[in-house]
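The values are calculated or read from the model by the stated rules, or taken from the named source; none is laboratory data. In this text the structure is predicted, and so the values were computed from the model without any measurement. Here the Cβ positions follow ideal geometry from the backbone for every residue, glycine too, while neighbour counts run over all protein chains shown. Each accessible area value is taken on the protein alone, full model and side chains, heavy atoms only, with ligands, DNA and RNA left out. Shrake-Rupley method; radii C 1.70, N 1.55, O 1.52, S 1.80 Å.
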Amino acid sequence: MTTYFRPAIDAMTGYVPGEQPKSDTPIIKLNTNENPYPPSPAAIAALQTLKAESLRRYPDPYANEFRQAISEALGVPMDWIIVGNGSDDILNIIIRACAETERKVVYPVPTYVLYRTLTAMQPADTIEIPYGDDYRLPIAELIAANGAVTFIASPNSPSGHVVSIAELRQLAAGLTGVLVVDEAYVDFAEETALPLVHEFDHVIVTRTLSKGYSLAGLRLGFGIANPTLLSGLFKVKDSYNIDAIAGLVGAAAMRDQAYKNECAAKVKTSRAALAIALKQLGFRLWDSQANFLLVQPPQSNAEQIYLALKERGILVRYFHQAGLSDKLRITVGTDEQNQVLVEALIHLV
């Protein structure tokens, strides 16, 4: 059979996103970790200021207005920031710049499946090191694997656990390749690895506006690292990877830290209440500092519950893979959405 693709593409499995129903469908959507609250009013207002000329011309190739807003909000120099079409774009840039056959990509599993997908596309060699049931970071094994790139999601998905900055510092000190700390969910956590970029030239912290800023539809993220590391990444990124709309809206959202923090606080409060309710129903839970919970039903019949909830108009995430097939990942919704979920589960467990 004739193929049009490289052998690596024929052999790989593509990334499968969580189900996205039509926006007008009356579904309680707790499967893809979107923020249940709307974006900052300042971000929405910024759309009204968009000029037609901004759409006629190419956008700023470095998204400097957005970089300036990040610099002001996080206290890092602009030249320590690279912007991407979502943080997934930054992850892809890193792999394209640093990994190839015999230059390994390493990460603990289970974690964000896109790491595997992007590595397979390159292609590059992959080493996946299992987490234990307690999700303790396997530092010695990660160092021994000696990756050209090592990914650590913190908070991790699907577990929600955070890797302490002390453990990340120990890992960074033992690695010679790039250490990527993926902080997509950091706005719901109590600790950040950002100080490590000032301690180690080979550490990059990636973030997104999809979660804490309620802008998953905008596709905007960024990485923070020493300019020496970023210099190679800028060679790889697309010329105009951030459109004019995203740069404008993202800058407004980034400058409204008070609103973002207010919404994140509401999510954390709801997360705690939902965890208590699920424990009372007999679910096993893992401590989460993200906007979701990894849970194991009392009878471990996760797929059955996932399907039953879907029939009731409630979407949660089920992973048909080793180590996760008896668990569900549930995005924290509004208190009203969480209550509907709990009431449905009362009849299913």
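Worth a mention:
- Going through (1) surrounded by fewer than 21 Cβ atoms within 10 Å (Cβ to Cβ); (2) among the polar types (S, T, N, Q); (3) in contact with a Cys (Cβ under 8 Å, 6 or more places away or on another chain) one by one, T176 falls short only on (3).
- One residue alone among L215, L229 is in a loop (DSSP other than H, G, I, E, B), of a type in the set (A, V, I, L, M, F, W, C), on the phi < 0 side of the Ramachandran plot and open to solvent by 10 Å² or more (accessible area, probe 1.4 Å), and that residue is L215.
- Elements of type helices (runs of 4 or more DSSP H) in region 241-349, at least 3 residues being exposed (fewer than 15 other Cβ atoms within 10 Å of the Cβ): 257-280, 302-311, 335-346
- Residue among Y107, Y115 that alone is more than 28 Å from V249 (Cα to Cα), open to solvent by less than 10 Å² (accessible area, probe 1.4 Å) and within 15 Å of the chain's Cα centre (by Cα): Y107
- Options I127, I152; residue that is farther than 15 Å from S288 by Cβ, in a strand (DSSP E or B), modelled with pLDDT of 95 or more and open to solvent by 10 Å² or more (accessible area, probe 1.4 Å): I127
- Test result for K327, touching a residue at least 24 places away in the same chain (Cβ under 8 Å) and basic (K, R): yes
- Residue within region 189-197 that is open to solvent by less than 40 Å² (accessible area, probe 1.4 Å), among the β-branched types (V, I, T) and in contact with a Gly (Cβ under 8 Å, 6 or more places away or on another chain) present: no
- As a summary of the residue check, V163 satisfies the conditions (1) part of a helix (DSSP H, G or I); (2) surrounded by fewer than 22 Cβ atoms within 10 Å (Cβ to Cβ) except for the one numbered (1).
- Only residues that are open to solvent by 30 Å² or more (accessible area, probe 1.4 Å) and part of a loop (DSSP other than H, G, I, E, B) were counted in region 79-91, giving 1.
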